[in-house]
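The values are calculated or read from the model by the stated rules, or taken from the named source; none is laboratory data. All values derive from a computational prediction rather than experimental measurement. For neighbour counting, all protein chains shown are included, and Cβ atoms are generated from backbone atoms with ideal geometry for every residue, glycine included. Side chains included, ligands, DNA and RNA excluded: accessible areas come from the protein's heavy atoms. Shrake-Rupley method; radii C 1.70, N 1.55, O 1.52, S 1.80 Å.
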Amino acid sequence: MDPHARLKTYLRNNPTAIGKVVDYNAGTDRLFQLDFTAANTELNMTIIADTQQFSGWVSEKLKTNNCRYGIGGYMEHRTIYAVSPHFDTDNEPRRLHLGVDIWGDAGTPVYSPFDGTVHSFQDNNNLGDYGPAIILQHNLDNLTLYSLYGHLSRKSLIGLTVGMPIHKNQQIATLGNNQENGQWPPHLHFQLMYDMEGKYGDYPGVCKYSEKEKYSLNVPDPGLVLGF
């Protein structure tokens, strides 16, 4: 059985083993689907390049639509990454988003959805990068799954050690502000992987479109865990 099928089987057979990633009440909280593809003509590079303007645009969308969080992004081909050379390569820019983003207020608590341990963590302090990021390792009936949390506050990394036990629904971090999270409007980049490929404290959250098939094998849809 391939890892995607094993993950789906585990989640289906063990619903009580799945916790939350952010505080969310399906009965009262609304989510707003944010579109960062070329189809969104409201956004332009002037807004995106100005973190304050971009943050204001996101906040206004959530406020106007009475939504607690903005959400979206898995396998979304995003034009917004043209704002940073971090996503440029010699032959093809990276534009395909591999995680799900949850856009909310700085300081929003972030939780682990499973029991596990701290695999690695670091401050990826580049324009457009994750900023502070934490990666957890989980054992789901002998299926190894890693979860990545990017764009955190710097204080989220204080006191962490590799191998530290983490419990389901344990708060592990808070969302960072735009001065510490890679200069983005406050949000969480949540991503799952089966293989870290030798990386620590970092794993690509955006890839070349030509690499979609390759990363699709290793990066399952985080929506399976989020349950939104």
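Please state which one of H151, H119, H189 is at positive phi and either touching a Leu at 6+ places or on another chain (Cβ under 7 Å) or crowded, with 18+ Cβ neighbours inside 10 Å (or both).
Among H151, H119, H189, only H151 is at positive phi and either touching a Leu at 6+ places or on another chain (Cβ under 7 Å) or crowded, with 18+ Cβ neighbours inside 10 Å (or both).
Please state which of the following conditions Q137 fails to meet, knowing it meets all the rest: (1) open to solvent by 10 Å² or more (accessible area, probe 1.4 Å); (2) part of a strand (DSSP E or B); (3) under 25 Å from K61 (Cα atoms).
Of everything listed in (1) open to solvent by 10 Å² or more (accessible area, probe 1.4 Å); (2) part of a strand (DSSP E or B); (3) under 25 Å from K61 (Cα atoms), Q137 misses just condition (3).
Could you grab me the full set of residues in the stretch 27-63 that are open to solvent by 80 Å² or more (accessible area, probe 1.4 Å) and closer than 15 Å to G223 by Cα?
Of everything in the stretch 27-63, just one residue is open to solvent by 80 Å² or more (accessible area, probe 1.4 Å) and closer than 15 Å to G223 by Cα, namely Q33.
Could you give me the residue pairs with C-beta distances under 8 Å whose first residue belongs to the stretch 35-53 and is under 17 Å from G73 (Cα atoms), whose second residue is of a type in the set (V, I, T) wherever it lies, and which are 6+ apart or on separate chains?
F36/T79; F36/I80; T37/T79; A38/T79; L43/I80; I48/I80; I48/V83
Counting just the residues of the stretch 64-74 that are free of Cβ contacts under 8 Å to residues at least 60 places away in the same chain and outside any loop (DSSP other than H, G, I, E, B), which one comes out surrounded by the fewest Cβ atoms within 10 Å (Cβ to Cβ)?
T64
Looking only at residues in the stretch 214-228 that are part of a helix (DSSP H, G or I) and of a type outside the set (K, R), which one is farthest from the chain's Cα centre (by Cα)?
Restricting to residues being part of a helix (DSSP H, G or I) and of a type outside the set (K, R), the top hit is L217.
Identify all residues within the stretch 192-203 that are surrounded by fewer than 20 Cβ atoms within 10 Å (Cβ to Cβ) and not charged (D, E, K, R); write none if there are none.
Y194, M196, G198, Y200, G201
Here are some conditions: (1) closer than 28 Å to D115 by Cβ; (2) within 12 Å of the chain's Cα centre (by Cα). V206 meets all but one. Which one does it not meet?
(1) is the only condition that V206 fails.
Identify all residues within the stretch 1-31 that are over 22 Å from L148 (Cα atoms) and either of a type in the set (G, A, S) or under 20 Å from the mean Cα position of the chain (by Cα) (or both); write none if there are none.
N25, A26, G27, D29, R30
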